[in-house]
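The values are calculated or read from the model by the stated rules, or taken from the named source; none is laboratory data. These numbers come from a predicted model, not from an experiment. Cβ coordinates were reconstructed from backbone atoms using ideal geometry, including for glycine residues, and neighbour counts include every protein chain displayed.
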Amino acid sequence: MAALPAAVIDVAVTYRFFEAVEACPNGVHRMSAGMAGLVETSNNLARVYSDGCAISVECLLRSASEEGMQELADAVAGVAERVGTTAVFEHGYPGWRPNPDSPILKCMVEVYRSRFGKTPEIRAVHAGLECGIIGAAYPQLDMISFGPTIRHPHSPDEKVEIASVLKFWEFLVATLEGIPEQ
């Protein structure tokens, strides 16, 4: 038979904790109105832990729009308030809404076609990109994100397709050579 622990979590606190976890938004919150199949706003209830004195729940809120991010943060804060605690938001990053009418995108599509003889696949992903951080500081900047083919990003299984690195590099150089001076 196991020995009883020296301290346990109060029953009322346990019930409030379970209520908070159950009520916390988790998963897709909103799909993009402008791009079919693209998640715009989501929350990942990612980690629950205790330091022996308090229970913490860590979430990863993501959105392509600041409005979506704020709406989701307000929902999470509301859940925390209902159970008698507070939500702390830190280490976030701004959203970035893809622009399908981007001039640099149109330029790069043409460079890709002329260099590789086919139209590139244009996609948007629901992820945190440096473009959100840069775009928050320079909102007038026209940006796209592109790169070599990677698999399983941010995991121990992350891999890059070596052949795509050279293709990416040649594409970048050709694009830079073809940009008109302004």
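Here are a few things to note about the model shown:
- Pick from the stretch 154-167, criterion touching a residue at least 12 places away in the same chain (Cβ under 8 Å) and under 23 Å from the mean Cα position of the chain (by Cα), ranking: surrounded by the fewest Cβ atoms within 10 Å (Cβ to Cβ): GLU161
- Of everything in the stretch 89-107 that is part of a loop (DSSP other than H, G, I, E, B) and out of contact with any helix residue (DSSP H, G or I) (no Cβ under 8 Å at 6 or more places or on another chain), the residue that is surrounded by the fewest Cβ atoms within 10 Å (Cβ to Cβ) is GLU90.
- Of SER56, SER164, SER114, all but one fail to be under 24 Å from PHE17 (Cβ atoms), small (Gly, Ala, Ser) and either part of a strand (DSSP E or B) or modelled with pLDDT of 90 or more (or both); the exception is SER56.
- Complete set of residues in the stretch 47-72 that are charged (D, E, K, R) and within 14 Å of the chain's Cα centre (by Cα): ARG62, GLU66
- Criterion applied to VAL21, VAL48 was being surrounded by fewer than 16 Cβ atoms within 10 Å (Cβ to Cβ), assigned to a strand (DSSP E or B), assigned by TED's automatic domain parsing to the domain that holds GLN70 and not polar (S, T, N, Q), and the one residue passing it is VAL48.
- Close pairs (6 angstrom Cβ cut-off, 6 or more residues apart or separate chains): among the polar types (S, T, N, Q) in the stretch 40-69, surrounded by fewer than 13 Cβ atoms within 10 Å (Cβ to Cβ) and outside any loop (DSSP other than H, G, I, E, B) anywhere: SER42/VAL28; SER56/TYR49
- In the stretch 15-29, residue nearest to GLY84 (Cα to Cα) [restricted to those that are touching a helix residue (DSSP H, G or I) at 6+ places or on another chain (Cβ under 6 Å) and not hydrophobic (A, V, I, L, M, F, W, C)]: PRO25
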